[in-house]
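Participant: One structure follows; several queries about it will come next.
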Amino acid sequence: MIAVEGTAVCGAAWFRLFTRETARAGYVDDSTPELVLAVNEGFRRAGIGSRLLDELLRRADELQVPRLSLHVDATNAPAAELYRSRGFEEVRAASKGVVMAWARPGETILPGTENRPLWAWGHEAP
Ligand SMILES: CC(C)(COP(=O)(O)OP(=O)(O)OC[C@H]1O[C@@H](n2cnc3c(N)ncnc32)[C@H](O)[C@@H]1OP(=O)(O)O)[C@@H](O)C(=O)NCCC(=O)NCCS
């Protein structure tokens, strides 16, 4: 998903599947797409990141994607705050940050049971 203003590209967001072999820092498992979001510096704090994220979560819901994950740097409090406000929760520590996950309404963040401990996804980020 691309945000544009006139001819300027303001930001982009997507989610896609990875495998253990192709895993990035926010990988949790082969069936959970990883989300990426970025807004160009000159366009930040104008609601574009929120809109991209909301639209992407709407699309994930529409496609019946049960969960999404992402990696956020420990120094990136604004992004973590934005994700938390949309229902993402921290699921494990990763190199230089945390992995967060989101679940579609009716699904649980950690699959299987509602009571699995935080950090249940034990494998380390690549
Ligand atoms: C994180 C990012 C996508 C936010 O995009 P944005 O268009 O500026 O976000 P919005 O204007 O929609 O703001 C949404 C919320 O994010 C938080 N936020 C964003 N920038 C912030 C900042 N500089 N300081 C504090 N909070 C901030 C706030 O909670 C804000 O809500 P509010 O405006 O109601 O306070 C953008 O800063 C970015 O691209 N950063 C670099 C790339 C990145 O970090 N991507 C995420 C990697 S996981």
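Participant: Please list, ordered by first then second residue, the pairs with beta carbon atoms under 9 Å, 6 or more apart or interchain, first in the range 38-50 and within 6 Å of the ligand (Cβ to nearest atom), second of a type in the set (A, V, I, L, M, F, W, C) and in a loop (DSSP other than H, G, I, E, B).
Facilitator: Once the first residue is within 6 Å of the ligand (Cβ to nearest atom) and sits in the range 38-50, its partners that are of a type in the set (A, V, I, L, M, F, W, C) and in a loop (DSSP other than H, G, I, E, B) give Val39/Ala46.
Participant: Further, regarding this structure: Out of the residues in the range 39-70 that are more than 13 Å from the chain's Cα centre (by Cα) and not in a helix (DSSP H, G or I), state the one that is surrounded by the most Cβ atoms within 10 Å (Cβ to Cβ).
Facilitator: The qualifying residue surrounded by the most Cβ atoms within 10 Å (Cβ to Cβ) is Val39.
Participant: Would you say Leu35 is in a helix (DSSP H, G or I), at pLDDT 95 or above and within 12 Å of the chain's Cα centre (by Cα)? Even if it seems obvious, please write down each step before you answer.
Facilitator: Working: in a helix (DSSP H, G or I): no; at pLDDT 95 or above: yes; within 12 Å of the chain's Cα centre (by Cα): yes.
Here the answer is no, as Leu35 does not meet what is asked.
Participant: Take the residues in the range 1-35 that are without any contact (Cβ under 8 Å) to a residue 60 or more places away in the chain and among the acidic types (Asp, Glu), then tell me which one is surrounded by the most Cβ atoms within 10 Å (Cβ to Cβ).
Facilitator: Per the stated criteria, the residue is Glu34.
The values are calculated or read from the model by the stated rules, or taken from the named source; none is laboratory data. Fair warning: this is a prediction, and the values are worked out from it, not measured in the lab. Note: ideal-geometry Cβ built from the backbone for every residue, glycine included; neighbour counts use all protein chains shown.
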